[in-house]
Ligand code: SF4
């Protein structure tokens, strides 16, 4: 992942590289101050790294709909947090970040509204170009995630996309970052380990 560090730096992101998720996790816990409030998007990467637990245990206020009984309230509070923590669906060698969302709270929060956005990205998310990123999203991320969250979409059972009209479709909005949005600090934590889907 080190070889793409300067591609994303030229796009305005702060970029940090790590050999594994443990060292990335330690750095993120240093970067987040105790007084910071944190919102988290739907992210298996964040879940597997144990960040929610580590932040909660040390006393940070963390809002995550995956860990809340009141999801609507959690969405609202996460939207107003100082820091938004998530992963992404794909990045490309020429510096694009590509995401697809259902509810779209995650992509919305990445774009605007937080002081800092921290994105943790495993090596499995790196794609050669935009076309490969979209293929990855429709035929790898979405089917696995649809099955995991038990939504009624064709890909959840077939494992491939059929551009469905399901009311539970999980890829409703496509957001491409061509460059870091103005007015938000964004840090990418690039990790040389497979993380999430
Ligand atoms: S469009 Fe439908 S079938 Fe295709 S990946 Fe998204 S949810 Fe699955």
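Numbers at a glance
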{"quantity": "Selection status of residue 22, surrounded by fewer than 23 Cβ atoms within 10 Å (Cβ to Cβ) and without any contact (Cβ under 8 Å) to a residue 24 or more places away in the chain", "calculated": "yes"}
{"quantity": "Close pairs (6 angstrom Cβ cut-off, 6 or more residues apart or separate chains): more than 18 Å from residue 163 (Cα to Cα) in segment 97-113, in a loop (DSSP other than H, G, I, E, B) anywhere", "calculated": "97/88; 106/41; 106/42; 111/181"}
{"quantity": "When residues of segment 175-191 are limited to those that are part of a strand (DSSP E or B) and closer than 17 Å to residue 95 by Cβ, the one farthest from the ligand (Cβ to nearest atom)", "calculated": "187"}
{"quantity": "Residue tally, condition without any contact (Cβ under 8 Å) to a residue 24 or more places away in the chain, near the ligand (Cβ under 6 Å from one of its atoms) and either under 18 Å from residue 104 (Cα atoms) or part of a loop (DSSP other than H, G, I, E, B) (or both), over segment 144-162", "calculated": "3"}
{"quantity": "Condition check for residue 129: within 18 Å of the chain's Cα centre (by Cα) and modelled with pLDDT of 95 or more", "calculated": "no"}
{"quantity": "Scan of segment 149-195 for residues that are modelled with pLDDT under 95, surrounded by 13 or more Cβ atoms within 10 Å (Cβ to Cβ) and farther than 22 Å from residue 44 by Cβ, ordered by number", "calculated": "184"}
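The values are calculated or read from the model by the stated rules, or taken from the named source; none is laboratory data. Given the structure is predicted, the values throughout are model-derived calculations rather than measurements. For neighbour counting, all protein chains shown are included, and Cβ atoms are generated from backbone atoms with ideal geometry for every residue, glycine included.
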